[in-house]
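Peer 1: Dropping the structure in here first, questions after.
The values are calculated or read from the model by the stated rules, or taken from the named source; none is laboratory data. All figures in this text were calculated on a predicted structure; none of them were measured in a lab. Ideal geometry is used to build each Cβ from the backbone, glycine not excepted, and the neighbour counts take in all protein chains shown.
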Amino acid sequence: MMMVEKVARAICRENVAYNGPKDGRFADQRVDEEWQDHIPDARAALTALLEPSEGMVSASSDRAGHGFYIDGTPAAAVDFKKMIQAALDEKEG
């Protein structure tokens, strides 16, 4: 399952839970039927994550605190941005 779909399904499940139970066959069926409606929200959420916060960078691997930089940006932030961009660029198939 692609990351955009995972996020869209999570958003959809929260919306389903707002109007009823979050778990169970009924909720699962609604998520299966409606998750694609939440793709724009999922893409927006992932786009917002393209720039990690300082706390996120600090919490990453040890190398974040040991001066590894790529063009003046902590290497962990560069790697994180690449992973999020890859999630946004994924194509089904």
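Peer 1: Let me spell it out: the conditions are (1) touching a strand residue (DSSP E or B) at 6+ places or on another chain (Cβ under 7 Å); (2) surrounded by fewer than 14 Cβ atoms within 10 Å (Cβ to Cβ); (3) hydrophobic (A, V, I, L, M, F, W, C), and Met1 meets all of them except one. Which number is the exception?
Peer 2: Single failed check for Met1: (1).
Peer 1: Do any residues in region 69-93 that are within 16 Å of Ala8 (Cβ to Cβ) have Cβ atoms under 8 Å from those of residues that are of a type in the set (D, E, K, R) and surrounded by 15 or more Cβ atoms within 10 Å (Cβ to Cβ), where the two are at least six apart or on different chains, and which pairs are they?
Peer 2: Leu88/Arg43
Peer 1: How many residues, within region 44-60, are assigned to a helix (DSSP H, G or I) and either modelled with pLDDT under 90 or among the acidic types (Asp, Glu) (or both)? Walk me through it before giving the result.
Peer 2: Step one: of region 44-60, the residues assigned to a helix (DSSP H, G or I) are 44-48, 54-58.
Right, trim to either modelled with pLDDT under 90 or among the acidic types (Asp, Glu) (or both) and you get 54-58.
Residues meeting the conditions: 5.
Peer 1: Okay, moving on. Kindly list the number of the only condition in (1) assigned to a helix (DSSP H, G or I); (2) at pLDDT below 95; (3) charged (D, E, K, R) that fails for Asp41.
Peer 2: So Asp41 meets the others, but not (2).
Peer 1: Answer yes or no as to whether Ala77 is part of a helix (DSSP H, G or I), within 16 Å of the chain's Cα centre (by Cα) and at pLDDT 95 or above.
Peer 2: Values: part of a helix (DSSP H, G or I): yes; within 16 Å of the chain's Cα centre (by Cα): yes; at pLDDT 95 or above: no.
Judged against the criteria, Ala77 is not a match.
Peer 1: Taking region 4-30, which residues are at pLDDT below 90 and either among the small types (Gly, Ala, Ser) or not assigned by TED's automatic domain parsing to the domain that holds Arg43 (or both)?
Peer 2: If the condition is that a residue be at pLDDT below 90 and either among the small types (Gly, Ala, Ser) or not assigned by TED's automatic domain parsing to the domain that holds Arg43 (or both), then Ala17, Gly20, Gly24, Ala27 are the ones that fit.
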